[in-house]
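First up is the structure itself, then whatever we jot down about it.
The values are calculated or read from the model by the stated rules, or taken from the named source; none is laboratory data. As the structure is a prediction and not an experimental result, all values here were calculated from the model. Because the Cβ atoms are built from the backbone with ideal geometry, glycine has one as well, and the counts that use them run over all protein chains shown. Areas reflect the complete protein model, heavy atoms only, side chains present, ligands, DNA and RNA absent. Shrake-Rupley method; radii C 1.70, N 1.55, O 1.52, S 1.80 Å.
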2 protein chains.
Amino acid sequence: MKVLSIVGHSKAGKTTLITKLIPILKNYGLKILVVKHALDFEVDREGKDSWRIFNTGVDVAIASKDKFAFISRLGDDLDEICSIFNFYDIIITEGFNRACKDRIVVLREPDEIENFKCGKILAVVCDKDVEGFRTFKLNQVNEIAKIILNWFYEEL
Amino acid sequence: MKVLSIVGHSKAGKTTLITKLIPILKNYGLKILVVKHALDFEVDREGKDSWRIFNTGVDVAIASKDKFAFISRLGDDLDEICSIFNFYDIIITEGFNRACKDRIVVLREPDEIENFKCGKILAVVCDKDVEGFRTFKLNQVNEIAKIILNWFYEEL
């Protein structure tokens, strides 16, 4: 299992890039989990059974024939998350800049790159050229996917 | 990690029993996951980023400092679920009758017991006595918790 981070400031286009990359990567048969970082989020709707149970202080999962949800107090320790969900081929993180994993950086302006220089930068996505990096536009998803596939297979 | 199922027909009081048991069991320092079986459920709200990503065909997790949610196509294979979430002390399932795990059966009427006779029955919860089983009322949570604690520690 390998971890790739898609990092960049808010509204730079991280989610859009991910949703465009997924269908291409899935065509290669890769089992992918996307882990999104959030400041806060609602776990469930008040009054539902799963909400009632979660609020007694335990973690909850809901399983149906084809879906499974897990709502917990696990938090955002990426290494812990990866050790639990190690049955995926690739874990793509949206955010988690500080975990310093191999990454693709999505920028609105070239100088923002300074905030994302930890971990190996596979590529930069920006409308303007960013010196010293392979730079792509947001619509060059096939080229970006190719870089990810090379990265995934080269070190296996 | 041990698995205990709370089984019984719909509306028999399974969720209520679980929400009453949890605070008692948590007092013993047990790390508990409740897995609820559902015919179907909504994974997320349309339009949200996590929903957009899930609908591209991949599994999604959302992590914040103190919460973690995982929305996937894992399905309802209990043994698979337990193998992933084996870092809990007890996995309490609501439903999953057919998995034949050790269980507490919640009944509205004594003769319903016939539908839940697979796996070891630790106790029965019913307003009327159920012949051949230790029977408790829904408000005897301390007694039921004691049975669960004995079951948990006896075979460790």
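Under 15 Å Cα-Cα from B:Lys48, which aspartates and glutamates qualify once same-chain neighbours fewer than 8 residues away are excluded? Reachable aspartates and glutamates: A:Asp40, A:Glu42, A:Asp44, A:Glu94, B:Asp59. Working note: Karplus 6.51/-1.76/1.60 with θ = phi - 60° gives region B:88-104 the couplings 8, 6, 10, 9, 9, 9, 9, x, 6, 3, 6, 6, 6, 7, 3, 8, 10 Hz, where Gly and Pro are set to x. A straight Cα-to-Cα reach below 17 Å connects A:Lys26 with the lysines A:Lys2, A:Lys146, residues fewer than 8 places away in its own chain not being considered. For region A:1-72 versus region A:93-153, the inter-centroid distance based on Cα atoms is 22 Å. Most simply put, the protein assembly as shown has about 20% antiparallel DSSP beta bridges, counting only bridges with both residues inside it. Close amide-amide hydrogen proximity is noted between B:Phe136 and B:Val124, B:Val125, B:Cys126, each under 5 Å apart and 5 or more residues distant or on a separate chain (H modeled in the peptide plane; Pro and chain starts excluded). The loop-placed chymotrypsin sites (Phe, Trp or Tyr not before Pro) in region B:69-156, going by DSSP, that have at most 14 neighbouring Cβ atoms within 10 Å of their Cβ come out as B:Phe87.
Kindly identify region A:76-156 as rounded, prolate or oblate by the Cα gyration tensor criterion: order the square roots of the eigenvalues as a ≥ b ≥ c, call it rounded if a/c is under 1.5, otherwise compare a/b with b/c, prolate if a/b is larger, else oblate. Note, shape of region A:76-156 comes out oblate. Restriction of the GluC sites (Glu not before Pro) in region A:78-119 to DSSP coil positions whose beta-carbon has at most 15 other beta-carbons within 10 angstrom yields no sites. Each residue of region A:76-87 was assigned a 3J(HN,Hα) from its phi angle through the Karplus curve 6.51 cos²θ - 1.76 cosθ + 1.60 (θ = phi - 60°); the sequence is 10, 7, 4, 5, 5, 4, 5, 6, 6, 9, 7, 8 Hz, with glycine and proline shown as x.
Loop-resident trypsin sites (Lys or Arg not before Pro) (DSSP state other than H, G, I, E or B) in region A:87-156 with no more than 16 further Cβ atoms inside 10 Å of their Cβ: A:Arg108, A:Lys117, A:Lys120, A:Lys128, A:Arg134, A:Lys137. Dipole magnitude for the protein assembly as shown: about 220 debye, using +1 per Lys or Arg Cβ and -1 per Asp or Glu Cβ, origin at the Cα centre. Between the helical axis of A:141-154 and the longest alpha-carbon principal axis of chain A there is an angle of about 80 degrees. Across chain A, Cα pairs under 8 Å and at least six residues apart give a relative contact order of 32 percent. Only protein heavy atoms count here, probed at 1.4 Å, and on that basis chains A and B bury about 4800 Å² of accessible area in total.
A cut-off of 5 Å between modelled amide H atoms, ignoring neighbours fewer than 5 places along the same chain, links A:Tyr28 with no other residue. Taking amide H atoms as placed 1.01 Å from N in the peptide plane, the amide H of A:Asp76 has no partner under 5 Å among residues 5 or more positions away or on other chains. Kirkwood radius, the protein assembly as shown, all distinct C-alpha pairs, inverse of mean reciprocal distance: 21.4 Å.
Per residue, the protein assembly as shown exposes 48 Å² of solvent-accessible protein surface, assessed with a 1.4 angstrom probe and all protein chains in place. Within region B:1-101, antiparallel bridges make up roughly 30 percent of the DSSP beta bridges whose residues both belong there. Note on chain A: GNM, Cα springs under 10 Å; of A:Gly13, A:Gly95, A:Gly132, the largest mean-square fluctuation is that of A:Gly132.
Under the criterion of Cα pairs below 8 Å and six or more residues apart, the relative contact order for region B:1-86 equals 15 percent.
Left without a cysteine partner by the 4.7 Å Cβ rule in chain B: B:Cys82, B:Cys126. For the rotational copy pair B/A, the chain B residue whose Cβ lies nearest the symmetry axis, together with its distance in Å, is B:Phe70, 2.
Ignoring any ligand, DNA or RNA, what whole percent of the accessible area of region A:15-98 comes from carbon and sulfur when the probe is 1.4 angstrom? Percent of accessible area from carbon and sulfur atoms in region A:15-98: 45.
A full extension of the chain between B:Asn86 and B:Cys118 corresponds to an added length of 9.2 nm, given 0.36 nm per residue minus the alpha carbon distance.
Using all pairs of distinct alpha-carbon atoms, the Kirkwood hydrodynamic radius of region B:21-156 works out to 17.4 angstrom. Rounded to the nearest 0.05, what FRET efficiency do A:Lys137 and B:Asp66 give with R0 = 35 Å and r taken as the Cβ-Cβ distance? Could you check? It comes to 0.40. Computed from phi, the 3J(HN,Hα) profile of region B:106-117 under the Karplus parametrisation 6.51, -1.76, 1.60 (θ = phi - 60°) reads 9, 10, 8, 10, x, 6, 5, 3, 4, 7, 10, 8 Hz, with x in place of Gly and Pro.
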